[in-house]
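The values are calculated or read from the model by the stated rules, or taken from the named source; none is laboratory data. Every value quoted in this text rests on a predicted model; they were computed, and no experiment measured them. Glycine gets a Cβ as well: all are built from the backbone with ideal geometry, and neighbour counts include every protein chain shown.
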Amino acid sequence: MQAEGPNSGTCCRCDLPVRHRALIAIIETGSGPGGSAYACLPCARDYAKTSLAPDWIGETIAHAEAMRLAWDEEDDGDPAPPP
């Protein structure tokens, strides 16, 4: 399955390809490049309930939800692609 969306990719928690993800962690390293972890919205909501979740995760999930709604509304107005 090829996921397409404003922030598509693979969820770091359930490993499924998704159309919409939320940033759940910024990975800092002592040296070298850091990274970031993205989760699908259901996994991000579950992760937000844990003690490991950063303080800003609620804002990130809300932004991802808004992007999902905007993307889905935009998709609804487009005609289906030809077979």
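Things worth noting here:
- So Ile61, is it in contact with a Phe, Trp or Tyr (Cβ under 8 Å, 6 or more places away or on another chain) and at pLDDT 85 or above: no
- Contact map, segment 44-55: residues that are closer than 21 Å to Leu16 by Cβ paired with residues that are surrounded by 15 or more Cβ atoms within 10 Å (Cβ to Cβ) and basic (Lys, Arg), Cβ distance under 7 Å, separation 6+ or inter-chain. Pairs shown: Tyr47/Arg13.
Quick grid of which residues meet (1) farther than 16 Å from Ala64 by Cβ; (2) in contact with a Gly (Cβ under 8 Å, 6 or more places away or on another chain); (3) in a strand (DSSP E or B); (4) hydrophobic (A, V, I, L, M, F, W, C):
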| position | (1), (2), (3), (4) |
| --- | --- |
| Cys14 | no, no, no, yes |
| Ile24 | no, no, yes, yes |
| Gly32 | yes, no, no, no |
| Arg45 | no, no, no, no |
| Thr50 | yes, no, no, no |
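- Every condition in (1) modelled with pLDDT of 90 or more; (2) surrounded by 10 or more Cβ atoms within 10 Å (Cβ to Cβ) is met by Asp55 except one, and the failing one is (2).
- Any hit, segment 69-79, residues being modelled with pLDDT of 90 or more, in a loop (DSSP other than H, G, I, E, B) and out of contact with any strand residue (DSSP E or B) (no Cβ under 9 Å at 6 or more places or on another chain): no
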